[in-house]
Amino acid sequence: MPEKSAYHLKGILLGACNCDWGCPCNFEARPTNGFCDGGYVWHVQEGQCDGVSLTGLTFGWFGHAPGAVHEGNITSLLGVDDRATPQQRQAIEKLVVKTPDAVPFGIFMSLTSNFLGVRYTRVETKFDGVRSRIRFDGIYEVELTPMKNPVTGEDEPATLIKPKGFTSKHQELCTTNKMRLAGQGLAFEHPNKYGEYSLFEYKSA
Amino acid sequence: MSTNGKVKWSFEADYLQACNCDFGCPCEFSAPPTKGFCEGVGAWRINRGSYGSVSLNGLALAFAAHWPKAIHEGNGTVCLFFDERSNAQQRDALLQIASGKAGGLPYELIAATFSTILEPRFVSFQFDFNGRDSRVQIGNQLVASTTSIKNPVSGEPESVHVNHATGFIFKEAEVLASKDCRVDVEGLKFSWPQKSAFVAQVKYNN
């Protein structure tokens, strides 16, 4: 059943997918390989949902879209840090999986035709801008690294400012050393492709 | 006024670029071009600038080019366009700059990617810089115009700005869609509407 949630979350978003650096989807273009294997991981630096604090928690949504993401038919799963208390687990599941109005989660779930469920596992994080790392034990691992100039080999920083962005409005673009998902029913590995380190703030209306 | 035998130059300009890549042009992020090759145009309206004692204020220049692979892999074909209102000294100055001979980015780097250089054209430039909806017509040989990228679901105009501190053509720009990106000169002809475009303000020098 669709539900309502009252929430306000701020934190860090790490994204990675199988597209080339810059990810065409950022610009409403087709994904580089015609399909999307990707993951977004949210680390809540400060926030609550329905009065339950989610500060310090990390969760991630991982999916395969056979075409562009907005075309739907996505297979996805949700990973959540197993340090979450029963109350926090309930709040995250309700917010991400069951609240259609919660942007961006409700959009991703509305495009999902095959939801594989919620997986609780230990999450280890190390945040260092475009050199951040996150590991969902046994499920997902991503390690960001700067893009490199193809001629000089030097770091290439690039930032997108998107006032209408629905996952974030400020994205530091990068690539990945590691990007691997090994969830039951959904697995992929796409290192050296697109990565981003972003800041997010989501608030219910 | 010269440094290392080269005349000092600098200018500030409005810049419009369009190419055959998808919106967001992967090359901006050191990725391969969408179609594996690059066909693009770029036009500068110099608001203030000089080459030694020669004023470049109000003049314009542009390029249209084809590269068979990514730009940095070279072997490109280029046609340069210069403002027909420039006098002999100014024409020489613009040629020295745009050919890369005078040194300085971005021309010095771009020039190294060309193996075929077509006859330069001295023609009229009509600019209409108006943020995301900008346009340039160069003689009757080149037209480039831009508009907002549209959200594929809602159809609403998007707002995307890129900051790229190490960029050598621009360090920040509005990320846009082309309405027109076409050139027709002997040896170089293409048309790529509804592809990648950028509008930026730039400052260059040697």
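Each reported figure results from applying straightforward, stated rules to the coordinates on display, with no laboratory input. Source: prediction; values computed, not measured. Because the Cβ atoms are built from the backbone with ideal geometry, glycine has one as well, and the counts that use them run over all protein chains shown.
Details
- Most positive-pole-ward Cα, A:Gln45, A:Asn18, A:Tyr140, against dipole of chain A from beta carbon charges: A:Gln45
- Residue (of A:Pro86, A:Thr175, A:Asn192) at the positive-pole extreme of the stretch A:50-203, dipole from beta-carbon charges: A:Pro86
- Net charge over other residues, Cβ less than 10 angstrom from the Cβ of B:Arg132 (K, R count +1; D, E count -1): -3
- Degrees, to the nearest 10: A:86-98 long Cα axis against longest axis of chain A: 70 degrees
- Alpha carbon convex hull of the stretch A:2-77, volume per residue in cubic angstrom: 114 Å³
- About its Cα centre, the dipole of the stretch B:1-149 is roughly 260 debye, where the only charges are +1 on Lys and Arg Cβ and -1 on Asp and Glu Cβ.
- Computed over Cα pairs, the Kirkwood radius of the stretch B:11-205 leads via Stokes-Einstein (1.567 mPa s, 4 °C) to a diffusion coefficient of 78 µm² per second.
- Only lysines eight or more places from B:Lys101 in sequence, or on another chain, were considered; those with a Cα closer than 17 Å are B:Lys6, B:Lys8.
- Label-zone membership for the stretch A:90-111, site B:Ser154, 7 angstrom Cα→C-beta point, backbone N under 18 Å: A:100-111
- Base-10 log of normalised Debye intensity for the stretch A:55-118 (one unit scatterer per alpha-carbon) at q = 0.12, 0.13, 0.14, 0.18 Å⁻¹: -0.29, -0.34, -0.39, -0.63
- Where only alpha carbons of the protein assembly as shown are counted, the Rg and the Dmax (Å): 24.0, 79
- Chain A has equivalent-ellipsoid semi-axes of 26, 18, 17 Å, by the square roots of 5 times the alpha carbon gyration tensor eigenvalues, sorted largest first.
- Exposure proxy ranking for B:Ser10, A:Ser198, B:Ser154, based on other Cβ atoms within 10 angstrom of each Cβ and starting from the fewest, stands as B:Ser154, B:Ser10, A:Ser198.
- Per residue, chain A reaches -2500 deg cm²/dmol at 222 nm when only DSSP H runs of four or more residues are counted, each adding -39500 (n - 2.57).
- Taking 7 Å steps out from each Cα toward its Cβ at A:His8 and A:Asp82 produces label points 3.4 nm apart.
- Against the main long axis of the alpha-carbon atoms of chain B, helix B:88-98 sits at an angle near 50°.
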